Every structure is written in structure tokens, then in C-alpha cells.
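No lab work stands behind these numbers, since they all come straight from the coordinates. This one's a predicted model, so the numbers in the text were calculated from it and none came from an experiment. Cβ placement follows ideal geometry from the backbone for every residue including glycine, while neighbour counts extend to all protein chains displayed.
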Amino acid sequence: MRHPRIHAICPALNEEVFIGNTLSALYPYCSGISVLTQYDRDWYGKPVRPDRTIQIVADFPDPEGKIQLVLRRWRDQAAALNCEMTAVASRAHRGVGSHGSTSEQIRALHDAPDYFLIVDADEIYDSETLPRIIDYVMVKRPRAARVHGYNYLRSWNRRVPREVVRFCHFGFVRTGLRFEHIREITWNEHRFSKALRMLRLPDFSARLFGFITVPPDVGHFHHGCWLGDNARLAAKARKSAHTWADTPDYAASVDRYPTVHIPTFDLPRNIREAEWPEGWIERGARGSGC
């Protein structure tokens, strides 16, 4: 069986804490990775003081030439994703006469992927379960697949239960599909779902559009959006694509969520062995749990 081609697209603005760990988790399983950044502007065109995100991406070991750093002005996340998906799937190699590499090498670089994997920079996949997720998607062959995520509050050891905050959005998207809003492919799915609920009928809206959800026991990602102190949460909210997050009481509002304690040795290896700012993970149990 041919190895699946998965091209990750990762929007990243001032994500120096996460971006290296995100790339490390994705690199072995992706045929390509596009890191999208506006460097010193947010989605609203407001100036942002840039951190080391671009430098970390540029310096990341890339012996197979998979990583593409895309610096461009966008004003909408869905448009940014659509722009990069269109570029990657454009078959730029068709009709090109090689002057340096072989035709096979050019084709291998530019062949359209089986799926795009949309990953925010602070969505960390378990490097040991990501292959299971990819295998599941390749067996099911949906048009798109949602993936569950766990949210963490202030530190990786405080997990918000899934029944408190359901975090599940499109991760895998077939070539040719487009987003209509942030991580939503089509509002028609929601309209149809609402109609079914009003008629008190089973909700098969996702199946109608060819969408599936990866079962959590197959795999999920770990979301670090709420890690850190009030200053980080406020800065994150100001540049978020979710306009509702930019409020004075944002940090206090997320602190109201109940959490459960997760020992460090129960976290994915690539999270517990990574370097994090002080207070983001309990000391003394990063590697073995000792």
C-alpha cells in the first residue's frame, strides 16, 4: 500500500513556545508542512511585536525538504488555509521541463496530498498515536475528518474534561474542499443538523456531507491555548481569530472551568520530554514519571 501523503498546514503567529514541538510531532508522518505566518500583523491588520517563531522554523532540521515557511498578509484564517491548500494542490509541476532535478523528484515534491492536516501551532499531537489517526482516516476515506482535542488550563497537568468543553474540529481535509469560516467547511451541515433536530430525527448531517469524527480512543490532540499566565492569555485573545475571546475578563472566564489533574508521566512522551516555560508542567516526572 502506498504511503499516504499528508500535508500539514499550520498557522503560527508568535508561537515560539510551541512551534518546534509541533513540527517535531508532525515531521515523521507528513509529506509536507506549510507554516503560515504574518510575522508582525494579526488577522485584523494590527501590529504585533514578532517573537522567534520564524527563526525556529527556518532553523528546524529538515533533511527531506518538507517544511515551507509562508510569510504573507492575510485578513482571515479560512482564506489563508484555502490559499495554501490551493497552492499546494495546484500541480505546479505539470508541463515543467526540468533544469536541475529529475522529473520524478519534481513530481514527488508537487504531487497533491491525499489529505491536508490543519493544525494550529498550539495543537500538539501525540507522536505515538498520530499514525493511528492517519491509518483510521485512510481506511475510512472521508471527505473530511474531525479530531477531538483536550484543553489544558494554565499547565499541562490541568486538563479540562471533554464533557465540560467539547473541542472537536476538522483536522483532515481532502484536496478540493474549502473552508467557509475558520475551521468550518460548510454552514450547510449546521443548517441541516438544526432542521433534523427540529424534526426530532437522528442527526446524520455529517454523514450526508461525507464527514466523520475520529474516535477519541484512536487518537486526539492536546490543546495548549490556555497555558500560562494572564499576560499570555490576554495576548493570545487579542490576536485570536475568535473575536469573542478578546474581552477584559477572558482569563478569569476560562479559570472557571473545572479541571482534573494529569500526572506528567500520563502525558504524551513528546509533551513531557519537551522544554516548557516555568510552571507549565510539573517538575520531576518528565521522562519516566519518577
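Taking the alpha-carbon distance from Lys239 and a cut-off under 21 Å, which lysines remain once sequence neighbours fewer than 8 residues away in the same chain are dropped?
Output for Lys239: Lys46.
Considering the chain as a Gaussian network with a 10 Å cut-off on Cα pairs, which listed residue, Val260, Val48, Val137, attains the greatest mean-square fluctuation?
Val260
7 Å from Cα along Cα→Cβ at both Arg132 and Ala79: what's the point-to-point distance in nm?
Between Arg132 and Ala79, the simple spin-label model gives 4.0 nm.
Cα gyration tensor of the chain, axes a ≥ b ≥ c as square roots of the eigenvalues: rounded (a/c below 1.5), prolate (a/b > b/c) or oblate?
Note, shape of the chain comes out rounded.
Could you give the length gained by full extension between His99 and His3, i.e. 0.36 nm per residue of separation minus their alpha carbon distance, to one decimal place?
31.8 nm is the gain from fully extending His99 to His3.
Which FRET efficiency value, to the nearest 0.05, do you get for Arg178 and Tyr44 by plugging their Cβ-Cβ distance into 1/(1 + (r/R0)^6) with R0 = 22 Å? Please list the in-between numbers first.
Working: r = 22 Å, r/R0 = 1.00.
According to the calculation, E is roughly 0.50.
Of Ser103, Ser155, Ser240, Ser24, how do they rank once you tally other Cβ atoms within 10 Å and put the fewest first?
Ser103, Ser24, Ser240, Ser155
Among Glu84, Glu104, Glu184, which one shows the biggest mean-square fluctuation in a GNM of the chain, springs joining Cα atoms closer than 10 Å?
Highest fluctuation among the options: Glu104.
Give me the distance between the Cα centres of the stretch 4-56 and the stretch 104-166, rounded to whole Å.
Their Cα centres are 15 Å away from one another.
Highest mean first, what order results for 171-178, 63-70 on Cβ atoms within 10 Å?
171-178, 63-70
Using 7 Å Cα-to-Cβ label points, what is the Arg269/Asp59 separation (nm, one decimal)?
Spacing of the two 7 Å Cα→Cβ label points: 2.6 nm.
Which residues among the stretch 15-30 fall inside the zone where the amide N is under 19 Å from a point 7 Å beyond the Cα of Asp51, along Cα→Cβ?
15-26, by backbone N distance to the label point.
Could you check the simple spin-label distance between Ala231 and Ala112, using points 7 Å along Cα→Cβ, in nm with one decimal?
Once both label points are built, they end up 4.7 nm from each other.
Going 7 Å from the Cα of Glu189 along its beta-carbon direction, which residues of the stretch 73-112 have the amide nitrogen within less than 20 Å of the resulting point?
Label zone hits: 77-86.
Which order do His190, His93 fall in if you start with the one that has the fewest other Cβ atoms within 10 Å? Display every interim value, and only then the final one.
On the way: His190 11, His93 15.
Ascending Cβ contact count within 10 Å gives the list His190, His93.
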